[in-house]
Amino acid sequence: MALNNTSLLYIQCLTRHVFAGDVGSVYFGENHPMKPHRLCMTHHLVLSYELHKKMEIYVLQRPHKAYPVELAQFHSADYIDFLHRITPHTEHSSKENELGMLKYNLGGDCPVFENLFEFCQIYAGGTLGKFDFFVVNHDDMDNYAARRLNNQLCDIAINWAGGLHHAKKCSASGFCYINDLVLGILELLKHHARVLYIDIDVHHGDGVEEAFYYTDRVMTVSFHKYGDKFFPGTGDVKEIGEREGKHYAINVPLKDGIDDSSFTRLFKIILGKVVEIYRPGAIVLQCGADSLAGDRLGCFNLSIEGHAECVKFVKKFNLPLLVTGGGGYTKENVARCWTVETGVLLDSELPNEIPDNDYIKYFGPEYVLKIPDGTRENFNSKSYLSAIKVQVMESLRHIQHAPGVQMHEVPPDFYIPDFDEDVQNPNERVNQHTKDKHIQRDDEYYEGDNDNGPNNAGNISVRKFS
């Protein structure tokens, strides 16, 4: 269903008051590249541009924490239980806990830190749409985020704290513990026959793809770096889904150095055809900012304008839209990007000069929104990109008259496809890249909190995990 008038829900997974689960104050540990503090910076930058005044709905306080039973709508109950009770003080307190750490892939790039489970409950609650307190210019105060989209009470919902796309059904992965995106999509499937998931993070959206690999109810489209043992090692163009989901997983594997013109051209051609053929009822867009030029863990040349152009293009489909964050490890550029994209979703062009705010010092010495284009060599030749486009279009041709596209029934609550665990474990679907499961770039872990890019390469501390 297309929407005529844009109303936007902005989810602030922060609060003016200090509380244990504030996602912006979470600390993954010394040398870890994930800095949730980037969310505080984003929020204050959004406020400094007064974008909140242009929103129909603006959430002032923290989302209500998602209940364990809600998280278990996708994740296994035993994994949720372990994540709930493990702490930094107990992870090595018993043989059972040590075995659990290994079983659920905790430790290393997915460390156990203080208030870990509450952190997961809050960012997942934001994507699901559960809030304790909010300001709204409607009398109705029932369902928000995915739930508000379902009830056609808003057109766009944003949760920059969400987008943790690597988490698997039974384990953590790639800095991600709970896959809020899968949970949000399951919520949308209550009211929409088909949901389109789009991922522009530099890393493959493997967790979301795996969750819906066997169904035509969700189409996943991921644009990402692939090859050179880049994490997570999946996302080949040949990975297209299986059984009822065959041809409903679209992967666009890219090489180092792709620039704005190449990326946005391919993005628009593929997504235009996807929406034309698949006709989704709602869209979920993961806006990982590690695809920006200069990102600590990235390898693309995208400017903020190029990244935001993808958001602008998706908005034009005029469908219910859930937008999340994702990766992004040069935190001042993450804040710049997500602020610009909040403006895009509000049809507001922002002045390049950054207004004064509590984090203004992080944006010096230029204090501007725009960042220079990347200078990496672009290894994505015209012939390579053309070949990828041809393969994607051929896969889409197979679904042009697929029964799933014609389905009109609204599915039951918390729908997710069944699979035979004796035949195939969804966490082990792509066995050709098993050896890459724990790959990290050599510059992934570094000393200190200064993550301002390659100029600090001298501070890199390499850590490998088995």
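Across the range 289-327, the qualifying residues are those that are hydroxyl-bearing (Ser, Thr, Tyr) and closer than 21 Å to Phe379 by Cα, and the one among them that is surrounded by the fewest Cβ atoms within 10 Å (Cβ to Cβ) is Ser303. Within the range 237-250, none of the residues are part of a loop (DSSP other than H, G, I, E, B) and closer than 30 Å to Tyr27 by Cα. When Gln286 is tested against (1) closer than 25 Å to Glu305 by Cβ; (2) surrounded by fewer than 21 Cβ atoms within 10 Å (Cβ to Cβ); (3) touching a residue at least 40 places away in the same chain (Cβ under 8 Å), exactly one condition is not met: (2). Filtering the range 328-348 to residues that are open to solvent by 10 Å² or more (accessible area, probe 1.4 Å) and either farther than 17 Å from Lys361 by Cα or of a type in the set (Gly, Ala, Ser) (or both) leaves Tyr329, Val340, Val344, Leu346, Asp347, Ser348.
When the range 303-322 is filtered for residues that are closer than 21 Å to Val208 by Cβ and either at pLDDT 95 or above or over 13 Å from the mean Cα position of the chain (by Cα) (or both), the ones remaining, listed by number, are His307, Cys310, Val311, Phe313, Val314, Lys315, Phe317, Leu319, Pro320, Leu321.
Beta carbons closer than 7 Å, at least 6 apart along the sequence or on distinct chains, pair a first residue in the range 31-43 that is more than 18 Å from Val340 (Cα to Cα) and basic (Lys, Arg) with a second that is assigned to a helix (DSSP H, G or I) and open to solvent by 10 Å² or more (accessible area, probe 1.4 Å) for Lys35/Lys331.
Please determine, by comparing only the residues of the range 63-79 that are of a type outside the set (Phe, Trp, Tyr) and not in a loop (DSSP other than H, G, I, E, B), which one is surrounded by the most Cβ atoms within 10 Å (Cβ to Cβ). Reasoning before the result, please.
The initial filter retains those residues of the range 63-79 that are of a type outside the set (Phe, Trp, Tyr), namely 63-66, 68-73, 75-78.
Remaining after also requiring not in a loop (DSSP other than H, G, I, E, B): 63, 68-71, 77-78.
Values: Pro63: 30, Pro68: 16, Val69: 9, Glu70: 21, Leu71: 26, Ala77: 11, Asp78: 13.
Here the answer is Pro63.
The values are calculated or read from the model by the stated rules, or taken from the named source; none is laboratory data. Since we're looking at a predicted model, the values are computed, not measured. Backbone-built Cβ (ideal geometry, glycine too); neighbour counts: all protein chains shown. For the accessible areas, the whole protein counts, side chains as well, though only heavy atoms, and no ligand, DNA or RNA atoms are used. Shrake-Rupley method; radii C 1.70, N 1.55, O 1.52, S 1.80 Å.
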